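Notes for the one structure printed next.
The values are calculated or read from the model by the stated rules, or taken from the named source; none is laboratory data. This is a predicted model, so every value here is computed, not measured. Heads up, the Cβs are rebuilt from the backbone with ideal geometry, glycines too, and the neighbour counts pull from every protein chain shown. Remember, those area values only see protein heavy atoms, side chains included, never the ligands or the DNA or RNA. Shrake-Rupley method; radii C 1.70, N 1.55, O 1.52, S 1.80 Å.
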Amino acid sequence: MTIFKKVLYMKLFKSLVIAASCALSLATANAVDYPNRPIELVVPSSPGGGTDVLARLFAESAKKYLPQPIVVSNKPGASGGIGMTEVQRSTPDGYKVAMVISELAIIPHLGMTKVTSKDFVAIARLNGDPGLIAVRVDSPFRTIDDLLTQARKQPGALSMGNAGTGSIWHLAAAALEDKTGTRFNHVPFQGAAPSVLALVGGHVDAIAVSPAEIGSHVAAGKVRVMVSMSESKLAAPFDQVPTLREKGVDLTVGTWRGLGVPAGTPREVVQILRDAARKTATDPAFRDAVLRANLLPAYQEGEAFQTFMDNQSAYFKGLLAGMNLQK
């Protein structure tokens with residue numbers, strides 16, 4: 001190799017090193033500067049439901065702990081698949097965050113989306129709620145036994161609303177069928193809030209839902225909760241509601257909600273979001289607001305939440321393999 005070529009290669013190598021160093025410095029600077037504009041928090045369900053309420057409470061409380069506001073946007077559809085897929089496909093820079101929900105562990109196994117928990121970096125789990133079965137206050141079915149007895153007499157005649165095909169509440173009702181030898185006519189909606197309105201309006205006989213989505217209607221005397229799918233009795237205003245286990249049905253089903261960003265998001269950005277989530281979740285004002293909304297705090301951070309989501313996906317994959325999930 002001639003001296004000229006050696007000098008040329010050395011200059012080229014030096015230029016590449018400088019360019020790589022500049023790119024790394026720029027990336028680090030951008031991460032440190034995060035956030036320098038508003039953060040979009042995508043809620044994969046309709047306004048008014050438990051996920052939406054939680055997201056808005058979090059966005060409001062997180063103002064204390066982030067230099068930029070969090071703006072909530074609702075992207076319902078496909079039992080959360082549309083909103084979560086939008087975030088998963090976005091630029092991994094921390095400016096589009098998903099409310100990741102329990103359906104992330106379910107709908108991939110139904111072929112409704114290719115997005116799984118492994119496509120996200122977990123920030124934190126904020127909440128976990130049990131399922132409820134509710135009817136209108138003037139329903140002829142006074143107890144869960146009444147409802148199940150009628151469902152056995154007339155398979156498929158009673159309509160059971162849910163938050164969408166493949167949603168956790170669709171799965172909850174299907175699991176109830178499986179455990180009790182009953183069959184309902186499952187009616188999907190784009191989120192839990194529309195299913196509650198359909199119940200109040202007399203368009204379905206019953207719904208599977210969470211406490212946050214039904215609390216105000218219970219307080220208004222429009223809806224009666226028949227049973228909970230919780231491990232143990234709930235606090236007021238649901239403290240008089242029996243559990244399925246108390247009624248002789250060995251079934252517990254619940255939902256969870258948290259924050260996630262696309263895989264590939266810089267570690268510095270992830271840490272900033274985790275710090276903000278931790279401070280917000282432990283803020284007394286936030287916790288009080290969450291409880292008033294009939295949401296149950298269930299904080300879990302980072303890798304622990306990631307492992308939880310992955311385990312949930314494996315659990316529901318096995319559960320669905322043994323069920324005939326009717327639409």
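Things worth noting here:
- Residues of segment 117-158 satisfying the condition of being over 20 Å from LYS247 (Cβ atoms), crowded, with 17+ Cβ neighbours inside 10 Å and among the polar types (S, T, N, Q): SER117, ASN127
- Residue in segment 37-51 that is hydrophobic (A, V, I, L, M, F, W, C), open to solvent by less than 50 Å² (accessible area, probe 1.4 Å) and at pLDDT below 95 present: no
- Taking the criterion of being surrounded by fewer than 21 Cβ atoms within 10 Å (Cβ to Cβ), closer than 23 Å to VAL53 by Cα and not hydrophobic (A, V, I, L, M, F, W, C), the only residue of segment 197-214 that qualifies is GLY201.
- Residue check for SER139: of a type in the set (Ser, Thr, Tyr) and either within 17 Å of GLY258 (Cα to Cα) or at pLDDT below 95 (or both): no
- The number of residues in segment 277-291 that are open to solvent by 90 Å² or more (accessible area, probe 1.4 Å) and under 11 Å from LYS64 (Cα atoms) comes to 1.
- Looking only at segment 95-128, residues that are charged (D, E, K, R) and in contact with a Phe, Trp or Tyr (Cβ under 8 Å, 6 or more places away or on another chain) come to 1 in all.
- Residue satisfying all of: in segment 58-106; polar (S, T, N, Q) and in a strand (DSSP E or B); most open to solvent (accessible area, probe 1.4 Å) among these: ASN74
- Of residues in segment 159-196 being over 24 Å from the mean Cα position of the chain (by Cα) and under 28 Å from PRO47 (Cβ atoms), the one most open to solvent (accessible area, probe 1.4 Å): ASN185
- Of all the numbered requirements in (1) in a loop (DSSP other than H, G, I, E, B); (2) under 29 Å from GLY166 (Cβ atoms); (3) touching a Gly at 6+ places or on another chain (Cβ under 8 Å), SER195 misses one, and that requirement is (1).
- The residues of segment 235-250 that are in contact with a helix residue (DSSP H, G or I) (Cβ under 9 Å, 6 or more places away or on another chain) and at pLDDT 90 or above, listed by number, are PHE238, PRO242, LEU244, LYS247, VAL249, ASP250.
- Residue ID - farthest from LEU54 (Cα to Cα), chosen from residues in segment 251-271 that are among the small types (Gly, Ala, Ser) and surrounded by fewer than 18 Cβ atoms within 10 Å (Cβ to Cβ): GLY264
- Exclusive hit being farther than 24 Å from ALA175 by Cα, in contact (Cβ under 8 Å) with a residue 60 or more places away in the chain and open to solvent by 10 Å² or more (accessible area, probe 1.4 Å), set ARG274, ARG224: ARG274
- Summed over segment 255-269, residues that are within 30 Å of ASN162 (Cα to Cα) and not small (Gly, Ala, Ser) total 6.
- Selection of segment 211-259 for residues being of a type in the set (A, V, I, L, M) and assigned to a loop (DSSP other than H, G, I, E, B) yields ALA220, MET229, LEU234, ALA235, ALA236, VAL241, LEU244, VAL249, LEU251, VAL253.
- GLU177 meets all of the listed conditions (1) among the acidic types (Asp, Glu); (2) over 30 Å from ALA289 (Cβ atoms); (3) outside any helix (DSSP H, G or I) but one, namely (3).
- Any chance ALA208 is outside any helix (DSSP H, G or I), closer than 23 Å to ASN127 by Cβ and at pLDDT below 90: no
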